Amino acid sequence: MGKSGGFTSMADAKASGHVPEVGVGMLGYAFMGKAHSHAMLNIPHMMYPPPAIPRLVAIAGRNEGAVKEAQKRYGYESYYTDWKKMLRDDRIQLFDNGGPNDAHAAPSIAAARAGKHVLCEKPLGRTAAESKKMRDAVGETGVKNMVAFNYRFVPAIRQIRKLVDSGLLGQIYHFRGVYLQEWIMPHYGTPMIWRLQKDQAGSGALGDLGAHIIDLARYLVGEIGSVQAMTKTFIKERPRGDGTMGTVDVDDAFASVVEFENGALGTLEASRFAAGRKNGQRIEINAEKASIVFNLERLNELEVFWVGDEPKETQGFRNVLVSEGYHPWWENWWPQGHMIGWEHTFVHEISHLLDCIVNDRPVSPIGADFEDGYRAAVVCDAVVNSADKGRRVQCKYE
């Protein structure tokens, strides 16, 4: 009996007309619960034939009224108000952790020890030490594990990685990554929420936004060796629901210079105080033979400059529309030029994990496994450490 519902390979399963199911238990019903559930509902129709069909078995959350409504809305078979009880449900093979940061470690570790595969939202843990415990737990149990760094699954980003792997760019000199939002600026009147508290979030803009560009830097360029950084908290108190004031003890923004182990130089910056920026992520790679620019708010496009590509009188950056059938994942979508969006990254991401589960494939390097999540957390810790000490620090991976 193979791992694909009794078939020795997915090819055999497809040939027979049978596609296996993978039972899913979801923790969290808010932003990420919605995004992941939406993707799972679309996988059987769009990633056709799917590697497996996600069966929405159960969803868990602390607020019974809200989680019951989420069960009905997304079509889960059951709901729980205690994730520990949900993990005892034998119908579940994949645990999807979309809870807040302080609910990443314990449930994910328990799921791994219960023999369930684990998908966990980013950042993996609140610190590198917590992330290491999670990495070690999945390593000990052998379950498939993935961190939801969904921007690896933007076709344009995957196309950049293919160009890097092909050697066409030559030596990489620079990586620049920024991730800018505005939603906690004073004019929004954002109260004290969990994302502004270190004990729950771990960090602020660093873990919320910076973790994404740190992962992309590692994914596209290589391991980060050292960091020199500054962090800033602009508003140090926020009103609580009871009218009292609470102390904000995480960063509102950070900026850093990094050196990659391969010698490339990088800059990383994230802020939730960038007026007018709704989801402003931008990366740029400067290499020996080309420069490439990606803008998340135009996620189906790349700006590319090839060195010596044409006469200097007409040489410059050109816009490339990443929507052809031969581009990553596009064979599953629409005719050329008919755009896909942010939500489709989760379709690609979870479909990849399902394929890894039923066909026993490695999650990395296409996806980010818990090792990747741990290494991103080491860099996040190095940013905080550097800012505190006012000097350059080395990233120490274990």
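All of the numbers you see were taken from the coordinates with simple rules; none came from a lab. Just so it is clear, the structure is predicted and the values come from calculations on it, not from any experiment. Because the Cβ atoms are built from the backbone with ideal geometry, glycine has one as well, and the counts that use them run over all protein chains shown.
Just check segment 336-379 against the gyration tensor rule for me: Cα atoms, a ≥ b ≥ c as the square roots of the eigenvalues, rounded for a/c under 1.5, and otherwise prolate or oblate depending on whether a/b exceeds b/c. Walk me through the numbers before you get to the answer.
On the way: a/c = 3.14, a/b = 1.41, b/c = 2.23.
Taking the square roots of the gyration eigenvalues as a ≥ b ≥ c, segment 336-379 is oblate.
Please say if segment 126-205 is rounded, prolate or oblate, where rounded means a/c under 1.5 for a ≥ b ≥ c the square roots of the C-alpha gyration tensor eigenvalues, and otherwise the choice is prolate for a/b larger than b/c and oblate otherwise? Walk me through the numbers on the way to the answer.
On the way: a/c = 2.59, a/b = 1.25, b/c = 2.07.
The shape class here is oblate.
Please work out whether the chain counts as rounded, prolate or oblate from its C-alpha gyration tensor, where a ≥ b ≥ c are the square roots of the eigenvalues and a/c under 1.5 means rounded, while otherwise a/b larger than b/c means prolate and anything else oblate?
Numbers: a/c = 1.61, a/b = 1.10, b/c = 1.46.
Taking the square roots of the gyration eigenvalues as a ≥ b ≥ c, the chain is oblate.
Charges on Cβ only, +1 for Lys and Arg, -1 for Asp and Glu, centred on the Cα centroid of segment 151-394; of Met192, Gln281, Gly337, which one is farthest towards the dipole's positive end?
It is Met192.
Work out which helices of the chain, taken as complete DSSP H runs, extend at least 18 Å along their axis over the Cα atoms and score a mean Kyte-Doolittle of 0.0 or more, then list them.
Details: long enough: 31-46 (23 Å, 0.04); 128-141 (20 Å, -0.94); 344-359 (22 Å, 0.54); 370-389 (28 Å, 0.05).
Helices meeting the span and hydropathy rule in the chain are 31-46, 344-359, 370-389.
By counting other Cβ atoms within 10 Å of each Cβ, how are Phe31, Phe346, Phe95, Phe294 ranked from fewest to most?
On the way: Phe31 10, Phe346 21, Phe95 27, Phe294 24.
Ascending Cβ contact count within 10 Å gives the list Phe31, Phe346, Phe294, Phe95.
About its Cα centre, how strong a charge dipole does segment 291-373 have in debye, to the nearest 20, once Lys and Arg get +1 and Asp and Glu get -1 at the Cβ? It would help to have the intermediate numbers written out before the result.
Working: 4 positive and 15 negative charges, 42 e Å.
It works out to roughly 200 debye.
Return, ordered by residue number, the residues of segment 45-66 whose backbone nitrogen is under 15 Å from a label point located 7 Å along Cα→Cβ of Ser78.
Answer for segment 45-66: 55-61.
Taking the Cα centre of segment 180-335 as origin and charging only Cβ (+1 Lys, Arg; -1 Asp, Glu), how large is the dipole, in debye to the nearest 20? Walk me through the intermediate numbers first.
Details: 15 positive and 23 negative charges, 119 e Å.
The calculation lands at about 580 debye.
Using the Kirkwood radius built from alpha carbon pairs, what does the Stokes-Einstein equation give as D for segment 171-247 at 10 °C and 1.306 mPa s, in µm² per second? Intermediate results must be reported in sequence, preceding the final value.
Details: Rh = 14.7 Å.
Once the numbers are plugged in, D ends up at 108 µm²/s.
Which one, Leu124, His38, Tyr79, is farthest towards the positive end of the dipole of the chain when Lys and Arg carry +1 and Asp and Glu -1 on their Cβ?
Tyr79
When a footprinting reagent is the concern and you count Cβ atoms within 10 Å, what order do Trp329, Trp83, Trp334 take, fewest first? Don't skip to the answer; put the middle values down first.
On the way: Trp329 19, Trp83 23, Trp334 12.
In order of increasing Cβ crowding within 10 Å: Trp334, Trp329, Trp83.
Arranged by the count of other C-beta atoms within 10 angstrom, fewest first, what order do Ser203, Ser108 take? Each step should come with its number before you reach the end.
On the way: Ser203 25, Ser108 28.
Ascending Cβ contact count within 10 Å gives the list Ser203, Ser108.
Treating only the Cβ atoms of Lys and Arg (+1) and Asp and Glu (-1) as charged, compute the dipole magnitude of the chain about its Cα centre; round to the nearest 20 debye.
On the way: 46 positive and 48 negative charges, 131 e Å.
Charge dipole of the chain: 640 debye, to the nearest 20.
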